[in-house]
1. Of all residues in the stretch B:175-225, which are free of Cβ contacts under 8 Å to residues at least 40 places away in the same chain, touching a Leu at 6+ places or on another chain (Cβ under 8 Å) and more than 14 Å from chain A (Cβ to nearest Cβ)?
2. For the stretch A:73-91, name all the residues that are over 12 Å from residue B:268 (Cβ atoms), over 14 Å from the mean Cα position of the chain (by Cα) and within 8 Å of another protein chain (Cβ to nearest Cβ).
3. Quick test of your reading of the structure: residue B:251 fulfils all but one of (1) outside any helix (DSSP H, G or I); (2) over 30 Å from residue B:122 (Cβ atoms). Name the failing condition by number.
4. What pairs come out if I take residues in the stretch B:70-84 that are within 13 Å of another protein chain (Cβ to nearest Cβ) and under 17 Å from residue B:198 (Cβ atoms) and pair them with residues that are modelled with pLDDT under 95 and in a loop (DSSP other than H, G, I, E, B) whose C-beta lies under 7 Å away, six or more apart or interchain?
5. Check residue A:43 against each of (1) farther than 24 Å from residue A:114 by Cβ; (2) facing chain B (nearest Cβ under 7 Å) and name the one condition it does not meet.
6. Can you pull out every residue in the stretch A:116-149 that is within 14 Å of another protein chain (Cβ to nearest Cβ) and more than 30 Å from residue A:58 (Cα to Cα)?
7. Can you tell me which residue among B:245, B:322 is of a type in the set (S, T, N, Q) and either within 14 Å of chain A (Cβ to nearest Cβ) or over 29 Å from residue B:110 (Cα atoms) (or both)?
8. Does residue A:70 qualify as being more than 8 Å from every other protein chain (Cβ to nearest Cβ), crowded, with 18+ Cβ neighbours inside 10 Å and touching a residue at least 60 places away in the same chain (Cβ under 8 Å)?
Amino acid sequence: MLTLRGLSVTRRNRPVLHGVNLSVRAGELVGLIGPNGAGKSTLMEAALGLVPCTGRSNLAAMPATDRARAAAYLPQSREIAWPVSVEDLIALGRIPWPGGGRSQADRVAIDAAIARMGLEPFRKRTALRLSGGEQNRALIARALAQETPLLIADEPIAGLDPAQQLACLRLFRSLAAEGHGLIVSIHDLGLAARFCTRLVLLADGKVLADGDASVVLADEMLRRAFGITARRFDTPDGPVFLPV
Amino acid sequence: MRPVLIVLTVLAAALFAASLLTGPAGIGTVDGLRALILGGEGPMPIVMREIRLPRAILGLAVGAGLGLTGAAMQGYLRNPLAEPGLIGVSGMAALGAVIAIQTGLSATAALALPAAALLGAAIGVGLLVMLAGPRGGSITLILAGIAISALAGAGTALVLNLSPNPYAANEIVFWLMGSLADRSMLHLWLALPPMAVGAALIWTTGRALDALTLGEAAASAMGVSPSGLRWRLILGVALVVGPATAVAGAIGFVGLVVPHMLRPWVRARPGALLPASALGGAALLLAADIAVRLILPERDLKLGVLTALVGAPLFLHLIWKTRSGGRM
């Protein structure tokens, strides 16, 4: 679904990404972790072909419309520029498809996304007047309406309350179980370890570790990537990390 | 067709007809329409076909152009304060016209003034492309537009400053206020083809503008080419606004107020706002052009003055409503 080979990005003569190899397969929820400025957002943008890069990305190589039908992207900014209704916002996800929001297939996809995100009561409400968590759900529904096999989400749980964070990651988990591929950047190491099927640790534009949480979140890795030591508590629901 | 578009179409058509039937010659409805369609002898067909028809068509086209480009600029910049004059092309067109008046060039041929204004607009587009470049973002475009507008404003002030006599200065000032009076079919033939091309270019941006609701990155990921959109938008706005300013002078507020007024009626979708705003702009400008003929027929009230007089309070009202109601 997503294959990156030797992906490098240089901005103002400064390397931001350096020879990244990474793949996301169907059924995987890949957690992209790493410190601020490690290049997580740039990696997502470069993979989608939104910034100039060298190396290979199977998505960036596609024609724009094909790419938009292969991968949906949730940027970090969560921008909603106009006071559109939740329904119209979600319908934007149909732009890459032939009906552009008006065909029967479009209606089915939009209704399914609304139902899945529990947005039926908000359907006609102005998206900008919803709470942050509700807006986030509407934006995820927009990405779902795009009906792509791959979902790329940049910090989708940042700024959400614990219940919304859990709901969001549970949804992603079930999407992966249905055969979607997902790559999600995330700062909460405990939640990442608990929900993601695989973790990729990025530091200084390079992949430091790629694999199971026990390998990627080892003490040595956290020290090298974040410059911290973290106490790790194993609980029946997954590990908890306490930076010290 | 959406109800709001039907209402606006009927409104614009009615105002177009009313514009044809308004004027000092005092021609009756039936006589006027007969003279317009069938022609015949005497002054009536000349008044209808060569004075009122070009004026009404220009009102329709310039108003539609300003409404359309205003909606496109607001959608592209994701800012309800954007307007077509922002890219500086109308300012440069005005400078070209003012220079033509100052040098006496405008007196040599009927189309010398609009042609000079078009040249000014073309130079403005050239400057804009040089400054905002193929890679620049929307902020670069705004900054370049402001710089060009400032340059054009300074040039216009300089020409006024150096004008040889009060009559030339007077003529310049009156031209700058904008008007549709005494325009001929020649003006139409000069302005309409580029405006049609520009409008067609902007027409293609609807979906991309919709996608931009989610921001530039999300829109690009949905298949919108940022550079392609920027080119279509800059060229489209310039091709509409340059010729419109060249034949009608500077007419403010239509491109700002009309998209603002109509936004709630198209559920705030930028793509759907394009046709609505074009029709609304046409209706507003036709109405204003009828009003200048009815309010002070003997004093030649200028169209741009009236649109500003009506537009500014309307805009204040909208801002007030936005603040109190939270609706943009």
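The values are calculated or read from the model by the stated rules, or taken from the named source; none is laboratory data. No experiment lies behind these values; they were computed from the predicted model shown. Here the Cβ is made from the backbone with ideal geometry for all residues, glycine too, and neighbour counts use every protein chain on show.
1. B:201
2. Answer for the stretch A:73-91, where residues must be over 12 Å from residue B:268 (Cβ atoms), over 14 Å from the mean Cα position of the chain (by Cα) and within 8 Å of another protein chain (Cβ to nearest Cβ): just A:79.
3. That leaves (2) as the condition not met.
4. Listed pairs, sorted by first residue: B:74/B:80; B:74/B:82.
5. (2)
6. Let us first name the residues in the stretch A:116-149 that are within 14 Å of another protein chain (Cβ to nearest Cβ), namely A:123-130, A:135-136, A:138-148.
Residues satisfying the conditions are A:123, A:124, A:125, A:126, A:127, A:128, A:129, A:130, A:135.
7. Values: B:245 fails: either within 14 Å of chain A (Cβ to nearest Cβ) or over 29 Å from residue B:110 (Cα atoms) (or both).
The unique qualifying residue is B:322.
8. Working: more than 8 Å from every other protein chain (Cβ to nearest Cβ): yes; crowded, with 18+ Cβ neighbours inside 10 Å: yes; touching a residue at least 60 places away in the same chain (Cβ under 8 Å): yes.
Yes: the conditions hold for residue A:70.
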